[in-house]
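Chemist: Supplied in structure tokens, the structure appears directly below.
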Amino acid sequence: MTLRAELPVYSPLSLGALAAGVAGMFAADHRAGLERALADEYGSAAVLLTDSGTSALALALRAAVRERPGAVALPAYGCYDIATAADAAEVRFALYDIEP
């Protein structure tokens with residue numbers, strides 16, 4: 001068996017970009033301004049920023065079940081993040097497909 005070493009993916013990142021990232025960790029929190037701008041742009045009463053689309057879907061599934069109890073319908077074939085979100089939301093679900 002021959003083992004090969006793979007080089008890491010080339011991702012050019014300048015020292016300035018790294019410095020800006022580190023500085024951003026200590027900068028003022030601009031979250032409230034971003035939430036206001038998004039709410040204004042989309043005419044929303046409230047905005048909730050999440051760390052990923054999967055987390056956002058889990059929150060949406062919980063809210064849907066809270067407003068209308070029961071199982072949620074999920075596509076039987078799709079990205080595994082859909083199942084991950086349903087699991088995180090701890091909701092009952094039914095899988096559907098459009099092909100017989």
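Chemist: If you take the residues of the stretch 1-32 that are within 25 Å of Leu48 (Cα to Cα) and among the charged types (D, E, K, R), which of them is most open to solvent (accessible area, probe 1.4 Å)?
Modeler: Arg31
Chemist: Condition check: of a type in the set (Val, Ile, Thr) and free of Cβ contacts under 8 Å to residues at least 12 places away in the same chain. Does Val22 satisfy that? Break it down stepwise before answering.
Modeler: Values: of a type in the set (Val, Ile, Thr): yes; free of Cβ contacts under 8 Å to residues at least 12 places away in the same chain: yes.
It is true that Val22 is of a type in the set (Val, Ile, Thr) and free of Cβ contacts under 8 Å to residues at least 12 places away in the same chain.
Chemist: With Ala28, Ala17, Ala23 as the choices, which residue is assigned to a helix (DSSP H, G or I), at pLDDT below 90 and of a type in the set (A, V, I, L, M, F, W, C)?
Modeler: On the way: Ala28 fails: assigned to a helix (DSSP H, G or I); Ala17 fails: at pLDDT below 90.
After applying the criteria, what remains is Ala23.
Chemist: Something else now. Among the numbered criteria (1) at pLDDT below 90; (2) part of a helix (DSSP H, G or I), which one does Leu7 miss?
Modeler: Evaluating Leu7 over (1) at pLDDT below 90; (2) part of a helix (DSSP H, G or I) leaves (2) as the failure.
Chemist: Ok, one more. Can you tell me which residue in the stretch 31-56 is farthest from Ala83 (Cα to Cα), limited to those that are among the hydroxyl-bearing types (Ser, Thr, Tyr) and in a helix (DSSP H, G or I)?
Modeler: Tyr42
Chemist: What residue, of Ala94, Ala46, is touching a helix residue (DSSP H, G or I) at 6+ places or on another chain (Cβ under 7 Å) and either at pLDDT below 90 or loosely packed, with under 11 Cβ neighbours inside 10 Å (or both)? Let's see the steps before the verdict.
Modeler: Numbers: Ala94 fails: touching a helix residue (DSSP H, G or I) at 6+ places or on another chain (Cβ under 7 Å).
Criteria check complete, one pass: Ala46.
Chemist: Read through the list (1) touching a strand residue (DSSP E or B) at 6+ places or on another chain (Cβ under 8 Å); (2) part of a helix (DSSP H, G or I); (3) open to solvent by 100 Å² or more (accessible area, probe 1.4 Å), then give the number of the only condition that Val65 fails.
Modeler: Unmet for Val65, out of (1) touching a strand residue (DSSP E or B) at 6+ places or on another chain (Cβ under 8 Å); (2) part of a helix (DSSP H, G or I); (3) open to solvent by 100 Å² or more (accessible area, probe 1.4 Å): (3).
Chemist: Within the stretch 71-89, how many residues turn out to be open to solvent by less than 60 Å² (accessible area, probe 1.4 Å) and touching a residue at least 24 places away in the same chain (Cβ under 8 Å)?
Modeler: Qualifying residue count for the region: 6.
The values are calculated or read from the model by the stated rules, or taken from the named source; none is laboratory data. Just so it is clear, the structure is predicted and the values come from calculations on it, not from any experiment. Ideal geometry is used to build each Cβ from the backbone, glycine not excepted, and the neighbour counts take in all protein chains shown. Note: accessible area is taken over every heavy atom of the protein model, side chains too, but ligands, DNA and RNA are not part of it. Shrake-Rupley method; radii C 1.70, N 1.55, O 1.52, S 1.80 Å.
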